[in-house]
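To start, the structure itself, in structure tokens.
The values are calculated or read from the model by the stated rules, or taken from the named source; none is laboratory data. Source: prediction; values computed, not measured. No Cβ is skipped: glycine too gets one built from the backbone with ideal geometry, and neighbour counts run over all protein chains shown.
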Amino acid sequence: MLAKEIAGILEELAPPRGGDEGFRFGNPETEVRGVLVCWMCTLDAIGRAVDEGCNLIITHEQLHYPSTSGGATLESCMTWPVNQARLSALAKGDVTVYRAHGMLDRFCLLDDFGRVLNLPEPAVAEGYYRIYDVQPTPVIQVVERAKQRLGLSHLRVTGSLDNMVRRIGLPWGGLGLSVNIVFLNGLLEYHPDCLIGGETDEYAQRFCQDAGVVLIETGHAVSEEPGLEHFAQWLAERLDPTPVVFHGLSPAWTIV
């Protein structure tokens, strides 16, 4: 099967394809020997793809830095060391890259985050908003359960561990960052007392602190990889016998 034919399968999942999605490197006409699905097309992911004989990478996040231009042109950023290293590794391994971002968010990533946290069916499911009503539970218990479900030893928490949680919102992925503060404020309109997010920053933490809402940070990739693994399994069933490999990322930081 050609890479462009696999892209066609993806683009029928949860259309429309966004302007930030599509082929980012390589040849859409290439005959695919294997597919690697990952959160970000890091050097480790590229190396794994080459080792596994996968010549198509489907990545959720952008291949190049910066992910948004900020006034910089793509051409001017290609000399950045990270971009050069990734493109060189892809060229050497003859690997094509396709980005599936919002399509996969809509297909399964958001709802799979709720499932991996073992939350009930959402009381609110409107667009990208998910709100869950739960039995009254102390924040510390919500934190411990999340750690266990996600296989994490530590989580960052903004707010009192003694508060009671009755309604949870999910700013998964990067929607807990201050650049997405409008989304966070939209979640507050549903009156959650706890948010379990992916990635956050201090601006967003101060926002939640003054809003009187507990914010639990799990990690950007952590919150999205359960859905990416689900997608990889789904794709493997449709591409059989072409192998599909899911590549999970190790944490980017260490607690010292």
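Which of the residues that make up region 198-224 are assigned to a helix (DSSP H, G or I) and over 16 Å from the mean Cα position of the chain (by Cα)?
Glu202, Tyr203, Ala204, Gln205, Arg206, Phe207, Cys208, Gln209, Asp210, Ala211
Within region 9-24, is there a residue that is surrounded by fewer than 16 Cβ atoms within 10 Å (Cβ to Cβ), out of contact with any strand residue (DSSP E or B) (no Cβ under 9 Å at 6 or more places or on another chain), touching a residue at least 40 places away in the same chain (Cβ under 8 Å) and of a type in the set (Val, Ile, Thr)?
Yes, region 9-24 has at least one match.
If I ask for residues that are of a type in the set (Lys, Arg) and in contact with a Leu (Cβ under 8 Å, 6 or more places away or on another chain), which ones from region 147-196 would you list?
Lys147, Arg149
Only one residue in Arg115, Arg167, Arg86 is in a helix (DSSP H, G or I), charged (D, E, K, R) and surrounded by fewer than 20 Cβ atoms within 10 Å (Cβ to Cβ). Which one?
Arg115
Looking at (1) in a loop (DSSP other than H, G, I, E, B); (2) of a type in the set (Asp, Glu); (3) over 14 Å from the mean Cα position of the chain (by Cα), which is the one condition that is false for Glu61?
(3)
Looking for whichever is modelled with pLDDT of 95 or more, buried (at least 24 other Cβ atoms within 10 Å of the Cβ) and not hydroxyl-bearing (Ser, Thr, Tyr) here; the options are Gly219, Gly176. Which one fits?
Answer to the check: Gly176.
Which of (1) small (Gly, Ala, Ser); (2) more than 19 Å from Gly248 (Cα to Cα); (3) free of Cβ contacts under 8 Å to residues at least 60 places away in the same chain; (4) exposed (fewer than 15 other Cβ atoms within 10 Å of the Cβ) does Gly93 not meet, given it meets every other one?
Evaluating Gly93 over (1) small (Gly, Ala, Ser); (2) more than 19 Å from Gly248 (Cα to Cα); (3) free of Cβ contacts under 8 Å to residues at least 60 places away in the same chain; (4) exposed (fewer than 15 other Cβ atoms within 10 Å of the Cβ) leaves (4) as the failure.
Among the listed residues Leu150, Leu155, Leu235, identify the single one that is within 24 Å of Val124 (Cβ to Cβ) and buried (at least 18 other Cβ atoms within 10 Å of the Cβ).
Going through Leu150, Leu155, Leu235 in turn, just one is within 24 Å of Val124 (Cβ to Cβ) and buried (at least 18 other Cβ atoms within 10 Å of the Cβ): Leu150.
Touching a residue at least 12 places away in the same chain (Cβ under 8 Å) and either touching an Asp or Glu at 6+ places or on another chain (Cβ under 7 Å) or surrounded by fewer than 21 Cβ atoms within 10 Å (Cβ to Cβ) (or both), is that true of Thr30?
Yes, satisfied.
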